[in-house]
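Before any comments, here is the structure.
The values are calculated or read from the model by the stated rules, or taken from the named source; none is laboratory data. The structure displayed is predicted, hence computed values, not measured ones. Every residue, glycine as well, gets a Cβ built from its backbone with ideal geometry; the counts of neighbours run over all protein chains shown.
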Amino acid sequence: MSIASRISKVGGLTLVSRLFGFIRDMLMARYLGAGMAADAFFIAFKLPNFFRRLFAEGAFSAGFVPLFSRLLGKEVTPESHAAAEAFAGRVLSVLLPVLFVFLLIMEAAMVPVMLGLTGGFEGDSEKFALTVELGRLAFPYLMLVSLVSMLAGMLNAFDRYGAAAFVPTLLNFFMIGALLTAPEGEAMARWLAVAVSLSGVAQFIWLYVAAKRAGIHLKLSMPKLSPDVRELLKVVGPAAIGAGVMQLNLLIDLALAARFLPEGSVSWLFYADRLNQLPLGVIGVAVGTVLLPSISRLLGSGDTAGANAQTNRAIEFALTLTLPAAVALIMVAPEIIATLFERAAFTANDTAMTATALAVFAAGLPAFVLGKTLTPGYFARKDTRTPVRFAIVAVVANTALSLLLIPHIAHVGLAAASTLSSWLNVAMLYWGLHTRGHLMIERVTLVRTAKALGAAVLMGAVLVGLSRLMADAFRTDGLERIATLGLLVIAGLVVYFGLAVLTGAIRMVDFRRMIKRGA
């Protein structure tokens, strides 16, 4: 299976999850709005997500997946399968007790943790108490999703991407169920926190069954730091610092918003980021998920030219889809936010505040996706230290820019700082790979990317013109506004892909060849 078809499969299933995520977010905007209960839940939910991205999807995946993939080899044999499986069993035997102890510590320390994160909301004891309670209810999700991440990494190494790509949808199912059945207000926030942890149980069961069907059998033993587990820890350590630095970026933004900005700022940033996460999740995460085991196996067999070609094709594929998404989110952000969220508890002011943040976030979307595409080039070579150094520079820049911009443009300053620091991080990641001879951007990649950018800009101009013609429809709620946004989306797709094919940014012959024969 080629890299394009693998990315398409993961991206397609991730899109399903993101679409259900939009339904979830629309319901949250309708019933929770951007008030106290919403801010408290988003902060509580951010905590297990911070550690999930730090460890489960960050450091652990960066260390475990390349080692597991190299043990499997380019061609999987019964012997390599058994060796990789035994390694995974030893890792799980160490991982499980560590996660359990960490869960107990965090549950006991939730009050000081939240106090450090929020500053106590300037004496708002009711809001602080609710945030602590929700944090305790949602935090077990971390332990479960860490195990899910390990199973997903193993399945991906076997080129079985479907189950792992679909599993985040279960979180949305559980949260939608809570939103449709719970009482409104604080009670709904509690139900949502419980739904988060329950979804972790469902995700683990889902992937455990998928792993069994794929012939993966893990055996627990007494925890022991065997040589291969120690090797994993040596890789995970720097990767955890690197992922931790970038995730600390997000926590700093959250702490600044909770301490210095008006109520609702946390929610505005959350809803804007959720929309921005759609193309990032569908494209960026899919590319990173596929590229890491793919490059690891190519490098394991000594095929450096193949690894470079894979990365170039991934960059082309990612930017061809990301650039139009970024331009669209910038140009028609108010129309998108109003259509998806503005009703009931979510007001017109909430729409304006969220749309501004979305447009600024979207300007950094290509950088976020490129970061996901370039980082596997380091991790596949067991180099987790270099991205750490770049991440530290980026987080320092982000914090400095946030403090500089907040007094002038409030919550939008946090979005702008995130976007600028992401572009800085991508520049450093590319420079590091290029100067070592690990990545040479091919001329065809540059030409197609330039053509895609031109097509995206022209598409943006068309969208702005159409949105002005349809302005009256966006001032009303209901089916007319939804249908109008749908027409905008269709028009944007037709214009962009028409121009991309016409200019050669997308060549259907090459695309079909990639799908059939590989990049």
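Listed values, structure above:
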item	result
Residue in the range 327-348 that is touching a Ser or Thr at 6+ places or on another chain (Cβ under 8 Å), hydrophobic (A, V, I, L, M, F, W, C) and modelled with pLDDT under 85 present	yes
Single match in GLY454, GLY432, GLY498 (criterion: modelled with pLDDT of 90 or more, small (Gly, Ala, Ser), over 26 Å from the mean Cα position of the chain (by Cα) and under 22 Å from VAL369 (Cα atoms))	GLY454
Matching residues in the range 114-124 - criterion: being modelled with pLDDT of 85 or more and out of contact with any helix residue (DSSP H, G or I) (no Cβ under 7 Å at 6 or more places or on another chain)	LEU115
Meets criteria (at negative phi, surrounded by fewer than 19 Cβ atoms within 10 Å (Cβ to Cβ), hydroxyl-bearing (Ser, Thr, Tyr) and at pLDDT 80 or above) for SER267	no
Given (1) at pLDDT below 85; (2) within 15 Å of PHE270 (Cα to Cα); (3) not charged (D, E, K, R), number of the condition PRO376 does not satisfy	(2)
Verdict on SER93 being modelled with pLDDT of 85 or more and of a type in the set (Ser, Thr, Tyr)	yes
In the range 407-422, the residues that are buried (at least 18 other Cβ atoms within 10 Å of the Cβ) and hydrophobic (A, V, I, L, M, F, W, C)	ALA410, VAL412, LEU414, ALA415, ALA416, ALA417, LEU420
Checklist (1) more than 20 Å from the chain's Cα centre (by Cα); (2) modelled with pLDDT under 90; (3) more than 30 Å from THR356 (Cβ to Cβ) applied to GLY177, failing item	(2)
Test for GLY465: is it without any contact (Cβ under 8 Å) to a residue 24 or more places away in the chain, within 28 Å of the chain's Cα centre (by Cα) and over 30 Å from ASP303 (Cα atoms)	no
Only one of ALA363, ALA391 that is in contact with a Gly (Cβ under 6 Å, 6 or more places away or on another chain) and within 30 Å of GLN310 (Cβ to Cβ)	ALA391
Residue within the range 156-164 that is without any contact (Cβ under 8 Å) to a residue 12 or more places away in the chain and of a type in the set (Ser, Thr, Tyr) present	no
Candidate set: the range 473-489, residues that are touching a residue at least 12 places away in the same chain (Cβ under 8 Å) and charged (D, E, K, R); chosen: the one surrounded by the most Cβ atoms within 10 Å (Cβ to Cβ)	ARG481
Residues that are without any contact (Cβ under 8 Å) to a residue 12 or more places away in the chain and under 21 Å from TYR271 (Cα atoms), drawn from the range 384-425	ILE409
Unmet requirement for THR354, which otherwise passes all of (1) surrounded by fewer than 24 Cβ atoms within 10 Å (Cβ to Cβ); (2) part of a helix (DSSP H, G or I)	(1)
Members of the range 384-406 found to be of a type in the set (Ser, Thr, Tyr), within 21 Å of the chain's Cα centre (by Cα) and either outside any helix (DSSP H, G or I) or buried (at least 21 other Cβ atoms within 10 Å of the Cβ) (or both), listed by number	THR384
Candidates LYS372, LYS382, filtered to the one that is at positive phi and not polar (S, T, N, Q)	LYS382
Boolean, GLU342 is under 28 Å from LEU453 (Cβ atoms) and among the charged types (D, E, K, R)	no
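Rundown of residues vs (1) surrounded by 16 or more Cβ atoms within 10 Å (Cβ to Cβ); (2) closer than 30 Å to ALA258 by Cβ, yes/no style:
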residue: ALA109; (1), (2): no, yes
residue: GLU122; (1), (2): no, yes
residue: LEU137; (1), (2): yes, yes
residue: ASN156; (1), (2): yes, no
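Yes/no matrix, rows are residues, columns are (1) basic (Lys, Arg); (2) outside any loop (DSSP other than H, G, I, E, B); (3) modelled with pLDDT under 80; (4) over 30 Å from ARG475 (Cβ atoms):
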position: VAL285; (1), (2), (3), (4): no, yes, yes, yes
position: GLY306; (1), (2), (3), (4): no, yes, yes, yes
position: GLU316; (1), (2), (3), (4): no, yes, no, yes
position: PHE361; (1), (2), (3), (4): no, yes, no, no
